[in-house]
Amino acid sequence: MQISGVLTAVSRLVLRLVLRGVLVGLCCFSSAQAARIGELYTAELLVAEQSVRVAPDLVSRALQQVLIKVSGRRDSIEQAAIIDALAESSRYIQQFSYQGTQQPLATDDGREVLAHRLRIDFERSLVDQLLASAGLRPLGRVRPGVLVWLLEERDSVREFLGRDEDPVFAAMKQRARERGLPMFRPLMDLDDQRALSVGDAWGFFSDSIRQASNRYQADSILVGRLYRNSRGNWLSQWLLLKSATDIQNFDGQGAELNQHLSSAVDLAADRLFANFVGPVGELDPGTLLLEVEAVASIDDYFQITQYLQELPAVKGIKLLRLDDQRLALQLQIEGARSQLRGAIGLNNHFKALPDYNDSPADTLNYRWQR
């Protein structure tokens, strides 16, 4: 991405800020809410044995996993252009490797062996081109995180599943990695135990759940209750809290526990990513004016521009002016305007403002909150 006119404009900006006495030291950018996902273009599969050439069906499975993770959309692999490309998945490989594990794996001939973890790295530019051919864009590395509270009812006793090593949570984390969804757990320390009772969590009392979750500053909260019915089949219900007014309930799906957990992650990811991906083919190429109030220091300026550079929809930034702590940037965008709005909203330093009557139609207004 190119940033036009930044050196000259920033020099003037620094001088003005020094004269105002508000220049502060540079610091690393951090967003209190958004999380950054790594290895978006990498997939891992368990296989029975190593090979110098990866079987085409394994490469296809791995590429599908990466396309879903990069785009944030499960339906990405249903697009005609991508279906055609999956027949030649090997051309998208950058490199692959194997690592031994202690996990048992059944072979096609009925044997049980210790699995190898096959890791395939795909070429980023080729994957992005493939998505573009289907009218899709990468979701980006900055994504909404979700805090997960899990409870289980066993022998009429309800309790939190509170340790990271719990197999239940391990299954959810694996599916979350495949979807590129940042997922984390409460500490379940004394503060958490005092803040949220089992009864309030099981009853999906949203006010109590939000209050107990405040210490984690999560973008969203997912609460799940797991139990067996009289026939011994697993059932689950889930509560997803995105905002004070956005509350969604859904049931887990499947006959096995892992299916319930995976379906919950998928449904949560679909709903959390919905604000950041547009319909297939929805593109708004061109420029937008971004105006930000309360930009009082050079540190504010660099935090704003550094964050914008990370967003896939932003292809160029031009500094127009900074007057009376009001910053104006011209953004060159490729993708859906809704995706840009959603991504900016992940950083809670940006507070969206109503459109002003005298503002052009293609203007986004925010206030910078330190």
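Every number in this text was worked out from the coordinates using simple rules, so none of it is lab data. Not measured: the values here are computed from a predicted model. Neighbour counts run over all protein chains shown; Cβ positions are idealised from the backbone, glycine included.
Relative contact order of the stretch 38-133, taken over Cα pairs closer than 8 Å and 6 or more residues apart, is 39 percent. Dividing the Cα radius of gyration of the stretch 153-243 by its Kirkwood radius returns 0.95 for Rg/Rh.
Entry note, the chain: relative contact order of 19 percent, from Cα contacts under 8 Å with a spacing of 6+ residues. Computed over Cα pairs, the Kirkwood radius of the chain leads via Stokes-Einstein (1.002 mPa s, 20 °C) to a diffusion coefficient of 93 µm² per second. Of the DSSP H helices in the chain, those with a Cα length along their own long axis of 15 Å or more and a mean Kyte-Doolittle hydropathy reaching 1.0 comprise 6-20.
Report the extension gain between Gln330 and Arg141 in nm, rounded to one decimal, defined as 0.36 nm multiplied by the number of residues separating them, less their alpha carbon distance. Can you show the working numbers first?
Values: separation 189, 0.36 × 189 = 68.04 nm, distance 2.23 nm.
So the chain would gain 65.8 nm between Gln330 and Arg141.
Charged neighbours of Ser243, selected by a Cβ distance under 15 Å, balance to +2 (K, R count +1; D, E count -1). For the pair Ser243 and Asp362, the difference between a 0.36 nm per residue extended length and the Cα-Cα distance amounts to 40.2 nm.
Sum up the lysine pairs in the chain that clear both bars: alpha-carbon distance under 26 Å and a spacing of 8 or more or different chains. Intermediate values should be presented prior to the final figure.
Details: Lys69/Lys173; Lys69/Lys242; Lys69/Lys315; Lys173/Lys242; Lys242/Lys351; Lys315/Lys351; Lys318/Lys351.
Going through the chain pair by pair, I get 7.
The DSSP beta bridges internal to the chain are antiparallel in roughly 75% of cases. Taking the Cα centre of the chain as reference, the dipole from Cβ charges on Lys and Arg (+1) and Asp and Glu (-1) amounts to some 760 debye. Ordered by the number of other Cβ atoms lying within 10 Å of each residue's own Cβ, fewest first, Val47, Val142, Val157 fall into the sequence Val157, Val47, Val142. By the helix-only formula, in which each DSSP H run with n ≥ 4 contributes -39500 (n - 2.57) and the sum is divided by residues, the chain has a 222 nm mean residue ellipticity of -9500 deg cm²/dmol. Think of the chain as having a plus end and a minus end, set by charges on the Cβ of Lys, Arg, Asp and Glu; of Tyr227, Leu46, Ser76, Ser76 sits farthest toward the positive end of this dipole. Taking label points 7 Å from Cα along the Cα-to-Cβ direction, Ser208 and Arg74 give a separation of 3.1 nm. Percent of Cα pairs in the stretch 38-133 per distance bin of 5 Å, from zero to the largest separation: 2, 14, 24, 22, 16, 12, 8, 3, 0.
Under the convention that each Lys and Arg Cβ holds +1 and each Asp and Glu Cβ holds -1, the size of the dipole of the stretch 145-273 around its Cα centre is about 140 debye.
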